[in-house]
Every structure is written in C-alpha cells, then in structure tokens.
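Just so it is clear, none of the values below were taken in a lab; they were calculated from the coordinates. Only a predicted model underlies this, so the values are computations on that prediction, with no experimental measurement involved. FYI the Cβ positions are ideal-geometry reconstructions off the backbone, even for glycines, and counts take in every protein chain you see.
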Amino acid sequence: MSDKIYKLLLLLLMTAFSGFTQAKKTTFTFKYHKGLAPLESYWFNVYKPLVNNSLGEGNQFDKKFISTVKSGDSCETKYEYKVEEITCATIADLLGHEIIIIPGDHITIHIGKENKTRIAGQSGAFVRQWVHELSYTGRNKFVYSMLDTLSTFDGDLRNGSLSRFKKEDPDLIGFCKEVELRYQNRIRFIENYFRIYKIPSTVQSFAKSEIRSAYLRNLLVPLMWHKNISDYPPEYTTLIKNTRFTDQNLYFKTNLYSIAALEFAFWINQAPAEKDKSLSLIRQYDWIKTNYQNKIRDHQITGHLDNIVQLDYGKSTFDSLFIDFSSIATNKIYMNYLTRNNISLRNKQSVVFTYDQAKTSIITNYNGDKKQFSELIGTKPVVIIFWASWCKPCIEELPYEKMLESNYGAKIDFVYISVDYSKPAWITKGKELKILNNSYYLENSMKSEIVKHFKITTIPRYLIYDKQGKKVDDEDLVPSDKRFGSILETLITANFRGKIISPY
C-alpha cells in the first residue's frame, strides 16, 4: 500500500471516528434572565432516571461547562452532557421538567418567568410540578416539550392524586373508572402528538411506559389508604395481582417504571393489621425474589434491604435476608454497596449524642449570622422543619407547611433547617421557593450532632416544641396529614393534652 493511500485511509477513518464521537456529545444551551441562575446553579444539572437516585449511583449526567455569554439582561449558558442512549431525564426546577434525551442533540432551552402552579387540566385543577415555563428550540424540540405538554393537558405523571376521592371511604368502583379514564385520555393525547410531530419510535415507547406506569401507580392509592386488594372491582384485583415489571431497558432508562415496580412489591405485600413488621418485610423480599430476575431483581432487593437498615426496621431481619441474597446476587456492585453502607450506618448508630451535646449545633441564616440550635426553642411553640434542596418529598410538603404557617404563624414559629451539603444550593433553592424567614443552614449537615441525636435518616423531618421548650410527640405525621394541624391547634390552647416527650 502506497504511503499516499495509507494516509488517505487514515484520514477517512479519523473523520468517521470524529463523526461518531461528535454524535454522542449532547449540548443544552440555557437562555434566561440574568437574575435567575448563577453560574453554579442547580438549573444546569440534568438528572438521570429516578432509579439512579438510590444505591450510591450518580444521579446526574456528567457535564462540561462550555461558555456563558451575557447581553444586557439576558444570559446564555452552554453545557455539554455525556448521554450514551435515549433516556428519560429531569431538568431541575422545583420537582423538575421531565424530558426524554436523544444523544447528540443540540437543544436550546428558554427559561421563562415564574408561572402559576395551579392550573386547570382535562381531569380538573392540579398543581404543576414546576415553577418556570420552558420552551425548546432545536431539531427534536417537540420531543423535549412532549411531557411538559402532556402534563399541562392532564396533570403531571409523577403526581397521581385524585382529590375528590376520600381516603376515609373511597368509592373504589368510581375511583378505578376515574383512573382508567385519565389513562385513556393521556394515551389518546400522546398518540395524536406522536402523529403530528413524527416522534421516533423509541421515544414513543418511553412516553407510553411513563403513562402506563403512572396509571398503575394510581391504582395502588387505595392500598395506601389501608384497603385490601380484594376490595377492588374483580378486573382490577386481577390486574394488580398479575402486574410485573420485567423490561430491563424501561426499568433503568425511564423514571416511573422502576418506581412502580418498587411500590407494587411494597404495597401488595402489606398487611395493615399485622403488628410484626418483619413479616411483611420478609414477604416483600420473597415476592421480589420470586417474580424478578438478574439486574432488576438485584436492584429491587438492594433497595429493599437498604430501607430496612436506613429506617432501622431490625438488624436480625436484615441479616437473615442479606445472607440469602448473598447466595443469589449476580451484581457485585450492589452487594458491596449493602456491605459498606450497613457497616457504616451501624457504626454511626453506635455513637450516641445527648441533647446537651447536640443542642450546640450551629445553624446559619442567609446573611451568615450564626446561632446554636437551642436558641430556637423555649420562648414560644416552634415547628422545626429539616429539608434539603434536592428532596422532592420536602418540596411536596411545602405548600401544606406554608398553609399552616399562615394559620398559626402568629403564635407558632416555623423554622426551616437545610441539611444540604452545599450552601449555594440551599440559598438558591430556598429563595426560589420563597423560604425567606427563619431559614437556616445546618453546619456539618447530616453529620451534625443534632441529626445524630434525633436519628434523622430521612427527610422531611419535623420537631415540634411547646413554649416551655419541651418536645411534643408528632406521631411521625407530616403537614399534609390533617392530624398535624390538630396537634398545632391544641398546642396553642391552655388545655393541651398531647403527649410530651421530656426533656428532649
């Protein structure tokens, strides 16, 4: 082969390889008002499917800063993201805009002004899961706007509430019909969208999976109200009993498929009247082990065992299930995760901090002023709320917290303590959510003495104190539960008869 031909072939090969690697580079250009997003803002984080948020796996796509251009009041920031396959993702904004990414795309995302969160949809009013409207430009712009458009039509897929049904006495026939109607409406809408905008087939399958998973999750709601599967109309009893989530691609590349799988394993094996919690934990484990295989099975069991440890459901239960899992697990990463986290968590739990040691934990406000935790209590009743910018359940409870604060704020202090690992993330998210008064950052975050003293392993977490500085038993309730408001109501009356945990 002549030297000239060799060089020509080498050039062609390099060109082809360059084209291939370029196709994998996915860039998002964010256009926004200069006051909205600082350079280190969470806005530029693009989150992987929810299944990656657990088990120590990275929950964001790797990104590389390209440039920022400012012109008057407008800014334009470009990032490159490492995305290898078509996948669901979430752009940060409150609970986030759900999108489906096509690798190699170059999309411009226009961040609009704040918009009202409660809007009217096909099935009635609902709360939008984001604050700012987004619009997209680029070759596949209709792919990126698809799930936002669907949410505006009939509610966010991640929020399955059907508000007119009461948990005390739900009409299960009417409930199932309502869930079915919403599902059919969404399917008709999205199929019409596919036709109009010529959506690629793989993207179609992901979108339909999200809609189907939302439908199945909605059907489980009465079980959360302590109904039994046998209470459902027969066809839905059969559907729930026979549903399995075995598509590995959908499990790891979409948001709701894996969540629905976990919820099915949990709720259909619950027995509300069962006093021994370990029995349902073992039943859930056996159900996952029987009905799933390989990586899905290993991921589900790892998440299940991790919950047993994190929520302190019992060392003996964990140990027996862990030994059994060790004999069948095919994924060493998950086994190593369980071993490492189990040892680490038990070591932490063996360290006990008294309240006298913990009360000096330092909290800092937006201005950088510091005080000790103990300074929050002892002058008037107070509700202390532990939260973080990345915590979706925390943000979901915020409207209820604000409602209670508007009702009782004159007599009860509401204090927000962030356990974020990053102060900028706390400041940015706190101000975006308008958590302006009594907002603090906990120094040392989840490693602080106050967190260890109260064994805070999950958030949101609430501590309630009376005006004498005594901790009140909140029964592990959250503000969205009406009983939480009842505790506050009785707390400010002279004849409070709630249970006092003394001293701390």
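With a sphere of radius 12 Å drawn around the Cβ of Leu147, what net charge do the other residues whose Cβ falls strictly inside it have (Lys, Arg +1; Asp, Glu -1)?
-2
Place a label point 7 angstrom from the Cα of Lys295 along the Cα-to-Cβ direction, then list the residues of the stretch 235-255 whose backbone nitrogen is under 12 Å away.
Within reach of a label on Lys295, which here means backbone N under 12 Å from a point 7 Å along Cα→Cβ, the stretch 235-255 contributes 247-254.
Between Gly409 and residues 5 or more places away or on another chain, which pairs have amide H atoms under 5 Å apart, with H built 1.01 Å from N, and which residues are they?
For Gly409, no residues qualify.
How do 458-465, 210-217 rank on mean C-beta neighbours within 10 Å, highest first? Intermediate values should be presented prior to the final figure.
Working: 458-465: 19.9, 210-217: 21.6.
Listed from highest to lowest mean packing, they are 210-217, 458-465.
Hey, got the dipole for the stretch 378-417? About the Cα centre, +1 on K and R Cβ, -1 on D and E Cβ, debye to the nearest 20?
In debye, rounded to 20, the stretch 378-417 gives about 100.
To two decimal places, what compactness ratio does the stretch 355-501 give when its Cα radius of gyration is scaled by 2.2 N^0.38 Å?
Scaled against compact globular proteins, the figure is 0.98.
Using the basic label-point model (7 angstrom from Cα toward the beta carbon), what is the Glu443 to Asp356 distance in nanometres?
2.2 nm
In the stretch 285-310, whose amide N lies under 17 Å from the spot 7 Å out along Cα-to-Cβ of Glu85? List them in ranges.
293-300
Quick check on the exposure proxy: order Met446, Met224 from fewest to most C-beta atoms within 10 angstrom.
Starting with the residue having the fewest Cβ neighbours, the order is Met224, Met446.
According to a simple spin-label model (label point 7 Å from Cα along Cα-to-Cβ), what is the distance in nm between Asn249 and Lys63?
Each label point lies 7 Å from its Cα, and together they span 2.8 nm.
Could you please rank Phe454, Phe245, placing first whichever residue has the fewest other Cβ atoms within 10 Å of its Cβ?
In order of increasing Cβ crowding within 10 Å: Phe454, Phe245.
Counting other beta carbons within 10 Å of each residue's own, what order do Ile333, Ile395 fall into, fewest first?
Listed from fewest to most nearby Cβ atoms, that is Ile333, Ile395.
Got a sec? Charge dipole of the stretch 355-501, +1 on Cβ for Lys and Arg, -1 for Asp and Glu; which of Cys394, Ser439, Gly378 is way out at the positive end?
Value computed over the given set: Gly378.
Residue-wise, which Karplus ³J(HN,Hα) couplings in Hz belong to the stretch 186-201, taking 6.51 cos²θ - 1.76 cosθ + 1.60, θ = phi - 60°, and x for glycine or proline?
Couplings: 5, 5, 4, 4, 6, 5, 5, 4, 4, 5, 5, 9, 6, 6, x, 4 Hz.
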